[in-house]
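Trainee: Got a structure here, written out as structure tokens. Questions coming.
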Amino acid sequence: MEKQTALHIIQALAQGIDPHSGEAFPTDSPYQHPDTVRALFQAVQALTEPSAARPRPATPHGAPTNAGKPWTAMKTTYSPRASMPAAPWPSSPPNTVAPGPQFRRAW
């Protein structure tokens, strides 16, 4: 879905209008609840803001010192496992057959 289409739908919902039929929602509709209307207007505002880099929350205590920093060229091209041979596929268990129905002789 295109961003403009989503924005149009959310704006209509925030205004209490069914985006598909154009009719107003009844007063007892969940779309008319004040919290729902506020949340929809917040969504409209988030979609219309320029997508600037938002500040990241502070890293928790004990996070690696390079957390959040860009990777160097060596880190993006080098993989220590790339030169290792592939591990053999684990052998499958022996063929087992689930016990079938018990057959009894009718003498």
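Values quoted throughout were computed directly from the atomic coordinates according to the rules given, and no laboratory measurement underlies them. Just so it is clear, the model here is predicted, and its values are computed rather than measured. Neighbour counts are summed over all protein chains in view; Cβ atoms, including those assigned to glycine, are modelled from backbone coordinates with ideal geometry.
Trainee: What is the set of long-range amide H partners of Ile17 at a cut-off below 5 Å, with H atoms built 1.01 Å from backbone N?
Mentor: Correct list: Phe25.
Trainee: How large is ³J(HN,Hα), in whole Hz, for each residue of the range 19-34 in order, when computed from phi with the Karplus curve 6.51 cos²θ - 1.76 cosθ + 1.60 and θ = phi - 60°, using x for Gly and Pro?
Mentor: In residue order, the calculated couplings are x, 8, 9, x, 8, 6, 6, x, 5, 8, 6, x, 6, 9, 5, x Hz.
Trainee: Highest mean first, what order results for 12-20, 31-39 on Cβ atoms within 10 Å? Before the final figure, lay out each step's value.
Mentor: On the way: 12-20: 15.4, 31-39: 12.3.
In descending order of packing, they fall as 12-20, 31-39.
Trainee: Using the Cα gyration tensor of the range 3-48, with a ≥ b ≥ c the square roots of its eigenvalues, what is the shape: rounded (a/c below 1.5), prolate (a/b larger than b/c) or oblate (neither)?
Mentor: On the way: a/c = 3.55, a/b = 1.28, b/c = 2.77.
Because a/c hits 1.5 or more and a/b fails to exceed b/c, the range 3-48 counts as oblate.
Trainee: So what is the relative contact order for the range 3-48, in percent, with contacts set as C-alpha pairs under 8 Å and at least six apart?
Mentor: Working: 38 pairs, mean separation 18.2, N = 46.
Relative CO of the range 3-48 lands at 40 percent.
Trainee: Further question on the same structure: What is the calculated FRET efficiency for Arg38 to Glu2, with r their C-beta to C-beta distance and R₀ = 22 Å, to the nearest 0.05? Walk me through the numbers on the way to the answer.
Mentor: Values: r = 25 Å, r/R0 = 1.13.
Taking R0 as 22 Å, the efficiency between Arg38 and Glu2 is 0.30.
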